[in-house]
Amino acid sequence: MILRLIEILREEPDISQEALGERLGTIRRIVQKYTNTLKDSGCIVRIGGKCYGRRQINE
């Protein structure tokens with residue numbers, strides 16, 4: 001699921017966690033858990049604010 005999440009973030013860096021959950025077939029809380037794990041490990045970075053921000057994948 002994490003690999004699919006990263007693929008979606010590459011395609012749509014400004015997608016909401018709720019929309020990610022719908023695309024992945026899970027709830028927003030699970031998406032939040034995975035995005036926090038990726039953020040804490042340095043794989044993704046949040047750029048901008050909550051409303052108009054996006055996520056950047058660090059290769």
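Just to verify a result, which residue in region 2-36, among those that are under 17 Å from residue 54 (Cβ atoms) and β-branched (Val, Ile, Thr), is nearest to the chain's Cα centre (by Cα)?
Here the residue is 35.
Which of the helices (runs of 4 or more DSSP H) contained wholly in region 2-46 include at least 3 residues that are over 17 Å from residue 58 (Cβ atoms) and of a type in the set (A, V, I, L, M)?
Values: elements: 2-11, 17-24, 28-40.
Output list reads 17-24.
For (1) in contact with a strand residue (DSSP E or B) (Cβ under 9 Å, 6 or more places away or on another chain); (2) free of Cβ contacts under 8 Å to residues at least 40 places away in the same chain; (3) surrounded by fewer than 12 Cβ atoms within 10 Å (Cβ to Cβ), each residue gets a yes or a no:
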| position | (1), (2), (3) |
| --- | --- |
| 17 | no, yes, no |
| 41 | no, yes, yes |
| 45 | yes, yes, no |
| 49 | no, yes, yes |
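Since every read-out is calculated from the coordinates, none of them should be taken as a lab result. The shown structure was predicted, so the numbers you read here are calculated from the model rather than taken from an experiment. With ideal geometry, Cβ positions are generated from the backbone for all residues, glycine too; neighbour counts draw on all protein chains shown.
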